[in-house]
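The values are calculated or read from the model by the stated rules, or taken from the named source; none is laboratory data. Every value quoted in this text rests on a predicted model; they were computed, and no experiment measured them. Cβ sites come from the backbone with ideal geometry, for glycine too, and all protein chains shown count toward neighbours.
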Amino acid sequence: MVFSSIEFLYLYLPLSMLIYYIIPARFLSLRNLALLVLSLVFYGWGEPIYIFIMFFSIAVDYTCGYLVAKNRETNPKKAKIAMISSVVINLSVLGFFKYFDFIIENLALIPIFSSLEPIGITLPIGISLYLPNYVIHT
């Protein structure tokens with residue numbers, strides 16, 4: 001589903017807005033949860049197999065963000081380690097999908113690595129947009 005499709009404009013978007021605005025504003029956490037689920041449905045509509053990467057990224061970033069917030073004042077070194085861990089993990093996933101086959105194809109040109117073959121991995125939709133996607137508040 002793309003943003004200009006009939007399904008998005010006349011079904012998904014109105015339904016998403018209805019769900020969001022039905023939830024009272026005082027339940028901000030529930031509204032955010034609804035947006036999270038609706039976003040995952042939208043992403044899964046186009047690339048259902050890669051939804052697990054999105055779950056992985058959410059879990060890593062939520063955990064590291066929690067650790068940064070918890071340790072920012074009391075233990076800045078732990079906060080920095082958590083932030084760096086999040087960046088490294090996300091960039092590693094991005095690098096794998098973008099460059100793994102490229103590296104294997106080039107290594108296969110070297111005689112001792114000639115038996116290596118690319119795995120033909122496809123790039124997930126929007127991976128450069130959600131991995132990494134950081135906002136650091138000071």
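The single residue among Tyr62, Tyr50, Tyr99 that is at pLDDT below 90, under 21 Å from Pro124 (Cβ atoms) and not charged (D, E, K, R) turns out to be Tyr50.
When Ile127, Ile104, Ile89 are checked against the criterion of being at pLDDT below 90 and not polar (S, T, N, Q), Ile127 stands alone in meeting it.
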